[in-house]
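Just so you know, all these numbers are worked out from the coordinates, no wet-lab data involved. On a predicted model such as this, the values are computed, not experimentally measured, just so you know. No Cβ is skipped: glycine too gets one built from the backbone with ideal geometry, and neighbour counts run over all protein chains shown.
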Amino acid sequence: MKKLLGVILVMSIVIGCGKKVYPDVNWGNNKKWVITEMNGVPIQQSGTDKDAHFVFDPETKRFGGSSGCNRMSGFYTIEKKNNIKFGEIASTKMACPDLAFEQAVLKAIPTITQFTVENNQLLFWNNNTIVFRLR
């Protein structure tokens, strides 16, 4: 009986010390997640790198992308359940034709608190409101 308890204890330590797998590993390295909707409003797509989008690196917990015209980058953390938090965002400062949209994207990112993945879409939430719908 003592041997069995010892084996169970060792196995639980080995299993418990394994590498944690976070949901962002399924977001794909270098997959471009294009913002198709912001706060319930569909976003027109151009099919270019200027479309507002995110690219996540699950290993380093960094993201990059475009806020509609300028490049953006920063860090994120995945917390318990489906909670996510974005750190400070760095952005280039080119003159853009739709600066209001650009600023709205950058202002919305820090409000994101949760995520879900449904039907090949990544949804970023603030409480019960979808902030971004990405494909």
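Each of Ile43, Ala95, Trp33 was scored by the projection of its Cα onto the charge dipole of segment 20-134, and the greatest displacement toward the positive side belongs to Trp33; charges sit on the C-beta of Lys, Arg, Asp and Glu.
Count Lys and Arg as plus one, Asp and Glu as minus one, and take only other residues whose Cβ is under 15 Å from that of Gly47; the net charge is then +1.
Site pair Asp57 and Thr129 shows an inter-label distance of 3.3 nm when each label is modelled 7 Å from Cα along Cα→Cβ.
When Asp24, Asp49 are sorted by how many other C-beta atoms sit within 10 angstrom of their C-beta, beginning with the fewest, the order is Asp49, Asp24. Entry for segment 20-134 at q = 0.12, 0.15, 0.16, 0.18 Å⁻¹: log10 I(q)/I(0) = -0.38, -0.60, -0.69, -0.89, Debye formula applied to identical alpha-carbon scatterers, no solvent contribution.
Order of Glu102, Glu59, Glu37 from fewest to most other C-beta atoms within 10 Å? Ordered by Cβ neighbours within 10 Å, fewest first: Glu59, Glu37, Glu102. Sorting Lys50, Lys31, Lys80 by the number of Cβ atoms found within 10 Å of their own Cβ, with the fewest placed first, yields Lys80, Lys31, Lys50.
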